[in-house]
Amino acid sequence: MRASSRLGGSSISDFASSLFIAVVAVAVVILALYLISLFNRLLTLRNSTEATLAQIRVAMKKRLDMIGQLVDAVKGYVKFEREVFEKIASLRSAVFSVGAQGLSDIDRDSRAVLGTVLAIAERYPDLKASSTVLTLMEAIKSVEDEIARQRYTYNNIIQEFNIMTDTLPSKFIAQAMSLGKMEYLKFEEESEKPLRIKV
């Protein structure tokens, strides 16, 4: 009887050891899957910021193209200095080569050019009533709205990414991947009154 009770105790002990190992293995697998999901989320957010920033670049280039067309439409009324055309060309070429801060600078400069053109259009009723000018102003307004939506999306993604780089345990994964906080895309209009395009 004692031998059988020893065998029974041994099998219970073996079962307990096996159960403990299985529970630890499952916990390790769950932890590994969780860490992998954090890693994947960080990569997804980083890639989403790049994709959204690319969409903002395209919209800004489109706006600069339309500003150039608007300048061409207005130049019959006013002689623009060569610097204005060169400025628009340099802004167009810089859109795809600068970072988020550079886009803020391009936005500020393109708004200044657009503001000048709109002020000129206001002074000439015939020009303001021109169908070409009205169409271009409406298109620019539409692109402005698109840029605002994309910037909002970009900043929301950045906010989530930055929260993940600040909180545990994702902070350790971000550090292991050499990922730091990302900068929000801030345009001048956020702190000053927005540019109004009257159509």
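What follows is calculated from the coordinates using simple rules that are stated; it is not laboratory data. Quick caveat: nothing in here was measured; it's all calculated off a predicted structure. Here the Cβ is made from the backbone with ideal geometry for all residues, glycine too, and neighbour counts use every protein chain on show.
Mind sorting ASP14, ASP107, ASP65 by how few other Cβ atoms lie within 10 Å of their own Cβ, fewest first? Write down the numbers at each step before the final one.
On the way: ASP14 10, ASP107 22, ASP65 15.
Listing ASP14, ASP107, ASP65 from fewest to most nearby Cβ atoms yields ASP14, ASP65, ASP107.
DSSP loop trypsin sites (Lys or Arg not before Pro) in region 40-95 with at most 10 other Cβ atoms within 10 Å of their Cβ, which ones?
Numbers: sites: ARG41, ARG46, ARG57, LYS61, LYS62, ARG63, LYS75, LYS79, ARG82, LYS87, ARG92; in loops: LYS75, LYS79.
Of the trypsin sites (Lys or Arg not before Pro), the ones in loops of region 40-95 whose Cβ has at most 10 other Cβ atoms within 10 Å are LYS79.
Please compute, for the alpha-carbon atoms of region 49-190, the extent along each of the three principal axes and give them in descending order in Å.
63, 25, 20
I'd like the orientation of helix 100-123 relative to the chain: the angle between its Cα long axis and the longest Cα principal axis, in ° from 0 to 90, rounded to 10.
For helix 100-123, the angle is close to 30 degrees.
Which longest run of the chain has no exposed loop site in it, a site being GluC sites (Glu not before Pro) in a DSSP loop with at most 10 other beta carbons within 10 Å, and the site itself not part of the run? Display every interim value, and only then the final one.
On the way: sites that count: GLU81, GLU192.
In short, 82-191.
Would you please put 108-118, 24-34 in order of how densely packed they are, using the mean number of other Cβ atoms within 10 angstrom per residue and starting with the highest? Present the calculation step by step, with values, prior to reporting the outcome.
On the way: 108-118: 18.0, 24-34: 10.2.
Listed from highest to lowest mean packing, they are 108-118, 24-34.
List the chymotrypsin sites (Phe, Trp or Tyr not before Pro) within region 119-193 that DSSP assigns to loop and that have no more than 16 neighbouring Cβ atoms inside 10 Å.
Working: sites: TYR152, TYR154, PHE161, PHE172, TYR184, PHE187; in loops: TYR184, PHE187.
In loop regions of region 119-193 (DSSP not H, G, I, E or B), the sparsely surrounded chymotrypsin sites (Phe, Trp or Tyr not before Pro) are TYR184.
Only Cα pairs within less than 10 Å get springs; with that Gaussian network setup on the chain, which residue of LEU45, LEU91, LEU127 has the largest fluctuation?
Maximum among the listed residues: LEU127.
With +1 on each Lys and Arg Cβ and -1 on each Asp and Glu Cβ, how big is the dipole of the chain about its Cα centre, in debye rounded to the nearest 20?
360
Taking θ = phi - 60°, what integer Hz values does the Karplus form 6.51 cos²θ - 1.76 cosθ + 1.60 yield along region 152-165, in sequence order, with x for Gly and Pro?
4, 4, 4, 5, 5, 5, 4, 4, 5, 4, 5, 4, 5, 6
Pairs of Cα atoms under 8 Å, at least six residues apart: use those to get the relative contact order of the chain, whole percent. List each step's numbers first, then the result.
On the way: 141 pairs, mean separation 60.2, N = 199.
Worked out over the chain, it gives 30 percent.
What's the angle, to the nearest 10 degrees (0 to 90), between helix 2-74's Cα axis and the longest principal axis of the chain?
Here the helix axis deviates by roughly 0 degrees.
Taking only Cα atoms, what is the 0 to 90° angle, nearest 10, from helix 82-94's long axis to the longest principal axis of the chain?
That works out to roughly 10 degrees.
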